[in-house]
Amino acid sequence: MVETIKLSTLAIGASAVVREYPKQGNAFLRLREMGVLPGTTVTLIRTAPMGDPLEIKVRGYNLTLRKTEAEHVLVEPIAPRA
Amino acid sequence: MSTAPTSPGPARAPVYALVGNPNCGKSTLFNALTGLKQKIGNYPGVTVEKKIGTAYSQHGHALTIIDLPGAYSLAARSPDEAVLRDVLLGRRTDTPMPDRIVCIADATNLERNLYLIHQILDLGRPVILVLNMMDVAAQTGLVVRAARLEKELGIPVIPCEAINGKGLVELKLAMSRHDLPLSRHSWEIPAPIAPAVSELAASLVDNDQRGPLIARAEALLLLTDQDTVRVAGSRPLSARTTEILRSWEKRWQGQGTDWAGALVNSRYDAITELCTHVIERSAVKTGASVSDRIDAVVTHPLWGWLVLGGVMAALFLSIFTLAQVPMDWIGDHTAALATWVKHTMPAGDLRDLVTDGAIGGVGSVITFLPQILILFFFIGLLESTGYMARAAFIMDRLMSRVGLNGKSFIPMLSSYACAIPGIMATRTIEDTKDRLVTILVAPLMSCSARLPVYLLLIAALFPSAAVPVGAKVAIMLTMYALGTAGAFFFAWLFKRTLLKGEPPLMIMELPPYRLPKMRDVALHMLERAWLFMKRAGTIILGISIILWFLTAYPKAPAGSTDSQQIAQSFAGMAGHALEPVIKPLGFDWQIGIGLISSFAAREVFVSSMGVIFNAESSEENTAPLRDALLAAKWPDGRALFTPLVCITLMVFYVFAMQCMSTIAVVKRETNSWRWPLFQTVYMTGTAWLVCLIIYQTGRALGF
Ligand SMILES: Nc1nc2c(ncn2[C@@H]2O[C@H](COP(=O)(O)OP(=O)(O)OP(=O)(O)O)[C@@H](O)[C@H]2O)c(=O)[nH]1
Ligand SMILES: [Mg+2]
């Protein structure tokens, strides 16, 4: 059984694989078209100075999204290699 | 209307559309091909309207090239993406339907770039694929095998460095090929969805007059995006097609099929499969990239604000210090010119028209050219390094408090240069209400046309040379801050009342930092300088001359002084008519003339003051405008431009809507007169009210 957490609670610098993804909603369709899909690896780079939005790295580029959207994306953290 | 691929007829040059994701270098390539000067910047959404140019093939044949706004998908989310969709699908009457498509992909970011290109291959038209930014790819240790991609897709794939002009010859050779192959790439539409695609495509052909290939592509889009308007554009779908779409959606909903997700996923599956053969990471990347390290500072909770503050301070300091020398030079020369004309031409109306009207008016405005160039230099740096997108990122939280998102901050930042490109830039905003709110508040950001007004009034405020630069910078910053705060306040108010809506998304790409291209920055400055001089030579010259006539006629009885002449002239009558309204703000009829003429363009205030007050100066010499202002008096002998009046007047210019061109652009972008009229009224009304409060409080406090 895989452990999933919300993308918004991922630690800064950590990577994770997207697992569950809302089907409806403008934001999620756009994110999907920009390459954030179930199975995609994302890395949380940083949050903006006031804590929102988030900046993630996905498929080699940097993307911002708000916490309100990131809360609906469930990810499976990848254990950092020693 | 035929939508089948047309072969370029002999009479007309073949039409090529440049298509790709935002910020992948389309405009850079367009400029390299056509020699034109489309604006380039390192953030998504620089180009928001199509632009047509001509290139010449290696054999000298003309090729028509269309530069387009970038998009992430053909299912358009925002007005700029809709431009791309409509031009490609031949829905724009003012643009020829492209015969061939040049797709541009950022080689450093191939997977996401290929998504749009994958949709375009479905259109069944000849496509050439350009892999741009190969230099950056090589630096980051990516090997992109163009030959392999060419083999997989079956279309020409050309590696390029648009910025260095590399790959252009190969591209032009491919463009002039007569036998451009169609892509042989095929991908599997998920089985449960395939029958729906065929049924919808057939209905689009039968009932919506689409060509067969476009119909298939459009069917796929309709299934990707729930909002049919985004796919079909303003022409509504036929009832039959809508019915088919709805019945499939209902069936899938019942079965729990995520059809849109499945379509996007299978496209990305096909792309990932392609890329495994094409991309190779040669070097293992070690540690954070340069871009990430810069961002660690720029978006830092503390350093970030210091960087922003430092940039602003540097900007205003250089406006006040660096500009002084060239400004004095221009001022001396225009004054010398006026004096020379006074000595050489016979005295009379014509001479006065030349010296007071033309030279006095235009000269007073063009002395501010150096400051305006400095402003554009700084804005150019922000745009070409990639800081704009970071500003949006940092500001998003604040913007969300007023109900907008960080993306709205980019048009607002551009409006510091000029509200017109700022309002155009709102096309990247997805939500129509958010876009409208941004359009309504953008002109509150102090634009470059206000700069001469502020500078003149600050000079009048601090006539003594002993005043430290810091005080002037502080006043200037206050004016900019006031306008910005006003924009935030009204955005908040409008989002609360008139234009309530959902909290917007903030899904935006942050491009890597690039070294500023000095050439681009310089070109941009030159173009702006040229625009400014053109305005000085046309609008401002024209209005100065008209104003001169309006101040010179009707003639006062012989023996009256210059100021008596102006007072009873046509302009004087208008000023006097306005005086009751503006007297509570501390402005007299002469300032009133300036305010009225400023409705054409704000800088005209300076030239009008030049015409009105220099007319009173001595015959022999043209006094600097600042001194002329300081000498101006009310009829009872009180000074007109007291410090309080200077401040109040600046605040008036912060808030008032005084720009014909902005009004015209708002009318075009919102498609009605309602919004520009509303904007003019609310802004000017606010200006009056705020000035009333400031002036009356100031008076009560004894200033
Ligand atoms: N290193 C490198 N930079 C490039 C190349 N081509 C373009 N650029 C840079 O990429 C950025 C974006 O270029 P633009 O031409 O404005 O991109 P665009 O596709 O027109 O962007 P939008 O109009 O926003 O869709 C600019 O900073 C360019 O200087 C290239 O081949 N190599
Ligand atoms: Mg462009």
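The values are calculated or read from the model by the stated rules, or taken from the named source; none is laboratory data. Since we're looking at a predicted model, the values are computed, not measured. Methodologically, a virtual Cβ is constructed for each residue, glycine included, from the backbone with ideal geometry; neighbour enumeration extends over all protein chains shown. These accessible areas exclude ligands, DNA and RNA; they are computed on the full protein's heavy atoms, side chains included. Shrake-Rupley method; radii C 1.70, N 1.55, O 1.52, S 1.80 Å.
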From the list B:Ala13, B:Ala32, pick out the single residue that is open to solvent by 10 Å² or more (accessible area, probe 1.4 Å), farther than 19 Å from B:Ala425 by Cα and within 13 Å of ligand 2 (Cβ to nearest atom).
B:Ala32
From B:Asp179, B:Asp225, which residue is open to solvent by less than 10 Å² (accessible area, probe 1.4 Å) and not hydrophobic (A, V, I, L, M, F, W, C)?
B:Asp225
Scan the range B:35-80 for residues that are more than 12 Å from ligand 2 (Cβ to nearest atom), within 14 Å of chain A (Cβ to nearest Cβ) and modelled with pLDDT of 90 or more and jot them down.
B:Tyr72, B:Ser73
Suppose we keep only residues that are within 24 Å of B:Ala217 (Cα to Cα) and within 13 Å of ligand 1 (Cβ to nearest atom) within the range B:121-155. Which one would you say is nearest to the other protein chains (Cβ to nearest Cβ)?
B:Leu131
Keeping to the range B:213-226, report how many residues are modelled with pLDDT of 80 or more and away from every other protein chain (no Cβ under 12 Å).
8
Are there any strands (runs of 3 or more DSSP E) wholly within the range B:120-199 with 1 or more residues that are more than 24 Å from B:Ile65 (Cα to Cα) and modelled with pLDDT of 90 or more, and if so which?
B:142-144
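Residues checked against (1) within 11 Å of chain B (Cβ to nearest Cβ); (2) more than 10 Å from the chain's Cα centre (by Cα):
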{"site": "A:Val36", "(1), (2)": "yes, no"}
{"site": "A:Thr47", "(1), (2)": "yes, yes"}
{"site": "A:Leu63", "(1), (2)": "yes, no"}
{"site": "A:Ala79", "(1), (2)": "no, yes"}
It is to be established whether one or more residues within the range B:163-181 are within 16 Å of ligand 2 (Cβ to nearest atom) and within 30 Å of B:Lys517 (Cα to Cα).
yes
Going by the conditions given, is B:Thr54 hydroxyl-bearing (Ser, Thr, Tyr) and part of a strand (DSSP E or B)?
yes
Can you report the number of residues in the range A:1-27 which are crowded, with 20+ Cβ neighbours inside 10 Å and closer than 17 Å to B:Tyr268 by Cα?
2
Please verify whether A:Val75 is within 13 Å of another protein chain (Cβ to nearest Cβ), open to solvent by less than 10 Å² (accessible area, probe 1.4 Å) and either of a type in the set (Val, Ile, Thr) or in contact with a Phe, Trp or Tyr (Cβ under 6 Å, 6 or more places away or on another chain) (or both), treating the condition exactly as stated.
no
Just for the range A:52-61: of the residues that are at the interface with another protein chain (Cβ under 7 Å from one of its Cβ atoms) and within 12 Å of B:Thr299 (Cβ to Cβ), which one is surrounded by the most Cβ atoms within 10 Å (Cβ to Cβ)?
A:Pro53
For B:Gly310, only one of the following conditions fails: (1) away from chain A (no Cβ under 14 Å); (2) touching a helix residue (DSSP H, G or I) at 6+ places or on another chain (Cβ under 8 Å); (3) closer than 19 Å to B:Gly386 by Cα. What is its number?
(2)
Taking B:Glu49, is it within 28 Å of B:Ile423 (Cβ to Cβ), free of Cβ contacts under 8 Å to residues at least 40 places away in the same chain and of a type in the set (Asp, Glu)?
no
On the given criteria, is B:Val290 modelled with pLDDT under 90, open to solvent by less than 80 Å² (accessible area, probe 1.4 Å) and closer than 30 Å to A:Arg46 by Cβ?
no
Pull out all pairs, ordered by first then second residue, where Cβ-Cβ is under 6 Å, the residues are six or more apart or on different chains, the first lies in the range B:312-329 and is under 20 Å from B:Val365 (Cβ atoms), and the second is open to solvent by 40 Å² or more (accessible area, probe 1.4 Å) and part of a helix (DSSP H, G or I).
B:Phe320/B:Val469; B:Phe320/B:Lys472
Options B:Ile582, B:Ile566, B:Ile546: the member that is free of Cβ contacts under 8 Å to residues at least 12 places away in the same chain and either part of a strand (DSSP E or B) or more than 30 Å from B:Glu383 (Cβ to Cβ) (or both)
B:Ile546
Given the condition in contact (Cβ under 8 Å) with a residue 40 or more places away in the chain, within 14 Å of chain A (Cβ to nearest Cβ) and touching a Lys or Arg at 6+ places or on another chain (Cβ under 9 Å), answer yes or no: does some residue in the range B:378-389 qualify?
yes
Of the residues that sit in the range B:58-71 and are in a loop (DSSP other than H, G, I, E, B) and surrounded by fewer than 17 Cβ atoms within 10 Å (Cβ to Cβ), which one is nearest to ligand 1 (Cβ to nearest atom)?
B:Gln58
For the range B:400-512, give me every one of the helices (runs of 4 or more DSSP H) that falls completely inside it and has 2 or more residues that are within 14 Å of chain A (Cβ to nearest Cβ).
B:409-414, B:432-441
Residues being open to solvent by 20 Å² or more (accessible area, probe 1.4 Å) and either within 17 Å of the chain's Cα centre (by Cα) or on the phi > 0 side of the Ramachandran plot (or both) - total across the range B:433-464
2
Taking B:Met133, is it open to solvent by less than 70 Å² (accessible area, probe 1.4 Å), closer than 26 Å to B:Leu110 by Cβ and within 16 Å of ligand 2 (Cβ to nearest atom)?
yes
